[in-house]
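Asks: To start, I am sharing the structure in question, which I have written as structure tokens.
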Amino acid sequence: MDGVVLAAGEGKRMRPLTAKRPKVMLPLANRPMMEHLVLAARDAGIQDFVFVVGYGEREIRKHFGAGSRFGIRIRYAPQRRQQGTADALGAARDLIDDKFLLLNGDMILRSEDIKSLCTNDAPCMGTSTTDHPRDYGVVMAEGGYVTGLEEKSASPKSTTINAGAYILEPDIFERIDAINPSARGELELTDALDDYIRSKKLKEHPLASWLDVGHPWDMLDANALLMASVGSKNDGEIETDVHCSGTVVIGTGTVVKSGTYIEGPCVIGRNCRIGPHAYIRGATAVGDGCHIGHCTELKNSIIMPDTKIPHFNYIGDSIIGSGCNFGAGTKIANLRHDRATIRVAGKDSRKKKFGAIIGDSVQFGINCSVNVGAVIGTGAKFAPNSYIEGLIGENSCIR
């Protein structure tokens, strides 16, 4: 069975993190999120893949190539204009001639769930449950078959949601050809499923474990989940008087200097300098080529490659892009005094602890203070002692 992975979208809700990379290439536990999904499908028995690519496709092709490095075979189907999920799947029609697995590229699934989903006849939809169904496409089902779909309703009729995982056959392409653009101006795959639903042919398959990565703060949950299954490994150099507890992974060429305290789960990439006297708490992922220096504390954060956080800094519950530099004493707040959930660019994150979303190549002067829920665009620069909150556009210069 082929596995088709939809990976053409930019991921606008992930801005500014997707300004220079597609959403599916954002790192979780120091691997692109799509790699975790593809490896889970591989371990479930899928060997041949079709990647539907578009925005940032060069980065996807460079990372995955023909698939040999991962023990799989990959073909690519470009979607030149992103016009919806049905249009994306339609880009793969010439490469599919039998029953296939279809996956959205921006979710986390376990191989056991993919394997059980693949035992179903087509058509079949993977489903999950949530306590906030208004954010998803809701599924109504009866007797194991889908009876209706409802897109992001203010008053959802169910807590069961569409997980974006399907077993389909090539006749889906005829149904794609017959649909019209939705109110959003896109060709929706769910519209192409209507005929199956009306004839009571679309099976429902509940998934035991599923995590959607729809917003930047979802990355922290996914990061922690994935690191929970990683085993400790040290390919670097650890000096004396370093304490590590829990699961800690240290990459080749990384030096952890004296006095550093690391509480896992923690993944540190290659060629990093950590410490002296740094404190890294779970669940934190530090990318390749980073410097986490003297008296710097990190907690439950994702730090992308080549970022420098060298002196007396605190970063908690945040996502930091690549190539950033934090001046001495710059800190990110992650908790409101009233303990209310934190809003990010007007959206409720539903998290009581959340710091900031910082794009690539952001430069901070010394002693900057970043308030909870801040979103800082790529290339922004801040003078010493700046107070930063709200939404800051890319290449802004705050003096």
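Asks: Which whole number of Å³ per residue matches the convex hull of the alpha-carbon atoms in segment 2-214?
Replies: Dividing the Cα hull volume of segment 2-214 by its residue count gives 123 Å³.
Asks: Could you tell me which residue out of Phe70, Met140, Pro27 lies farthest along the dipole of segment 2-214 toward its positive end? Charges go on the beta carbon: Lys and Arg +1, Asp and Glu -1, centred on the Cα centre.
Replies: Pro27
Asks: Also, I was wondering about something else. Expressed as cubic angstrom per residue, what is the convex hull volume of the alpha carbon set of segment 167-286?
Replies: Value for segment 167-286: 168 Å³ per residue.
Asks: Pull up the DSSP beta bridges for the chain and report the antiparallel fraction as a percent, rounded to 5.
Replies: 25
Asks: If the cut-off is a Cα-Cα distance under 14 Å, which aspartates and glutamates reach Lys62, setting aside same-chain residues fewer than 8 apart in sequence?
Replies: By straight Cα distance, Lys62 reaches Glu35.
Asks: Between Ser116 and Lys352, what length comes free when the chain is fully extended (0.36 nm per residue of separation minus the Cα-Cα distance, one decimal in nm)?
Replies: Taking Ser116 through Lys352 to full extension adds about 81.4 nm, to one decimal.
Asks: Further question: Work out the length of the dipole vector of segment 269-399 about its Cα centre, built from +1 on the beta-carbon of each Lys and Arg and -1 on the beta-carbon of each Asp and Glu, and round it to the nearest 20 debye.
Replies: It works out to roughly 360 debye.
Asks: Separate question: When ranked by the protection proxy of mean other Cβ atoms within 10 Å per residue, highest first, what sequence do the peptides 353-365, 60-72, 83-95 form?
Replies: Ranking, from highest mean packing down: 353-365, 83-95, 60-72.
Asks: If neighbour count is taken as other Cβ atoms inside 10 Å, put Asp221, Asp338, Asp171 in order from fewest to most.
Replies: Asp338, Asp171, Asp221
Asks: What list of ³J(HN,Hα) values in whole Hz, one per residue of segment 11-27 in order, does the Karplus curve 6.51 cos²θ - 1.76 cosθ + 1.60 (θ = phi - 60°) give from phi, with Gly and Pro shown as x?
Replies: Coupling constants for segment 11-27: x, 4, 5, 8, 4, x, 5, 9, 5, 10, 7, x, 3, 5, 9, 5, x Hz.
Asks: Tell me the Kirkwood hydrodynamic radius of segment 262-329 in angstroms, computed as one over the mean inverse distance between distinct C-alpha pairs.
Replies: Taking the inverse mean of 1/r over all distinct Cα pairs, segment 262-329 comes out at 11.1 Å.
Asks: Search the structure for amide H atoms under 5 Å from the amide H of Gly293, placed 1.01 Å from N in the peptide plane, and list their residues when 5 or more places away or on another chain.
Replies: Here the answer is Gly275, Ile309, His311, since their amide H atoms fall under 5 Å of that of Gly293.
Asks: Evaluate the Debye formula for the chain with equal point scatterers sitting on the alpha carbons, no solvent, and hand back log10 of I(q)/I(0) at q = 0.10, 0.12, 0.14 Å⁻¹, in q order, two decimals.
Replies: -0.69, -0.96, -1.22
Asks: Count neighbours as other Cβ atoms within 10 Å of each site's Cβ, and list the trypsin sites (Lys or Arg not before Pro) in segment 190-274 that are DSSP loop with at most 14 such neighbours.
Replies: Answer by residue number: Lys200.
Asks: Follow-up question, since we're still on this one. Given the pairs Lys115/Lys157; Lys299/Lys351; Lys152/Lys347; Lys299/Lys353; Lys299/Lys352, which span a C-alpha to C-alpha distance of over 20 angstrom in this model?
Replies: The pairs that break the limit, which is 20 Å between Cα atoms, are Lys115/Lys157.
Asks: Using a Cα-Cα cut-off of under 22 Å, which lysines could be cross-linked to Lys381, ignoring same-chain neighbours fewer than 8 residues away?
Replies: Lys20, Lys308, Lys331
Asks: Over all directions, what mean area does the Cα convex hull of segment 226-398 project, stated in square nanometres?
Replies: 9.1
Asks: If the only charges are +1 at each Lys and Arg Cβ and -1 at each Asp and Glu Cβ, what is the size of the charge dipole of segment 2-214 around the Cα centre, to the nearest 20 debye?
Replies: 940
Asks: Then there's this: Would you kindly state how much longer the chain becomes between Asn385 and Asp241 on full extension, computed as 0.36 nm times their sequence separation minus their alpha carbon distance, in nm to one decimal?
Replies: That works out to 48.5 nm of additional length.
Values quoted throughout were computed directly from the atomic coordinates according to the rules given, and no laboratory measurement underlies them. Here the structure is a predicted model, which means the values were calculated and not measured. Quick reminder, even Gly has a Cβ in these numbers, built from the backbone with ideal geometry, and neighbours come from all protein chains shown.
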